[in-house]
Amino acid sequence: MSAQQINPDDALYVDMFIAKNSQTMTFIRSSYSAILGLAAGTLGLTNLSGFIFYFLGSAFLSVLIFVLKTKASPALYFRQPLDVFTEGVLGGLFSYILFWTLLYGIIHVYD
């Protein structure tokens, strides 16, 4: 009888926990995107400056998550370490644009 070999990489990830981490990351990004959109609309940012503001804010959030939540070891929480920087960025962009244009229209309508 031969012993069955277990690959250590197979036991490293649990799909349920990976999915939960991705879901949490998406929630954090969409909430933060709404806050960024409120700030951009209030500040009156337009055109390219508004998009630069979003991507700089998103990069800042990614660094915070990388340092504070994953403690510089994202491979323990995600299959791909770059998921900390890319997960939900484009999905959050839609929330950002919604709140950005809403607040800009409400505050700066008579400018």
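The values are calculated or read from the model by the stated rules, or taken from the named source; none is laboratory data. What you are looking at is a predicted structure, and each value in this text was computed from that prediction instead of being measured. Cβ atoms come from the backbone with ideal geometry, glycine included; neighbour counts cover every protein chain shown.
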State which residue is nearest to Ser49 (Cα to Cα) when the search covers only the range 65-100 and only residues that are part of a helix (DSSP H, G or I) and charged (D, E, K, R). Asp83
Is the range 56-64 home to any residue that is assigned to a helix (DSSP H, G or I), touching a Gly at 6+ places or on another chain (Cβ under 8 Å) and surrounded by 13 or more Cβ atoms within 10 Å (Cβ to Cβ)? yes
Looking at this structure, is Ile18 farther than 14 Å from Ile97 by Cβ, surrounded by 12 or more Cβ atoms within 10 Å (Cβ to Cβ) and touching a Lys or Arg at 6+ places or on another chain (Cβ under 8 Å)? yes
Look at Tyr54 and say whether it is over 19 Å from Ala19 (Cα atoms), of a type in the set (Phe, Trp, Tyr) and in contact with a helix residue (DSSP H, G or I) (Cβ under 6 Å, 6 or more places away or on another chain). yes
Just to be sure before I move on: is Leu103 modelled with pLDDT of 95 or more, exposed (fewer than 12 other Cβ atoms within 10 Å of the Cβ), of a type in the set (A, V, I, L, M) and part of a helix (DSSP H, G or I) in the structure I sent? no
Just one of Val63, Val84 is over 29 Å from Ile107 (Cβ atoms) and at pLDDT 95 or above; which is it? Val63
Out of the residues in the range 70-93 that are without any contact (Cβ under 8 Å) to a residue 60 or more places away in the chain and under 29 Å from Gly41 (Cα atoms), which is surrounded by the fewest Cβ atoms within 10 Å (Cβ to Cβ)? Leu90
Whichever residue in the range 25-45 is under 12 Å from Leu102 (Cβ atoms) and small (Gly, Ala, Ser) and, among such residues, is surrounded by the fewest Cβ atoms within 10 Å (Cβ to Cβ): Ala34
Residue check for Tyr96: surrounded by 12 or more Cβ atoms within 10 Å (Cβ to Cβ), modelled with pLDDT under 90 and among the hydroxyl-bearing types (Ser, Thr, Tyr): no
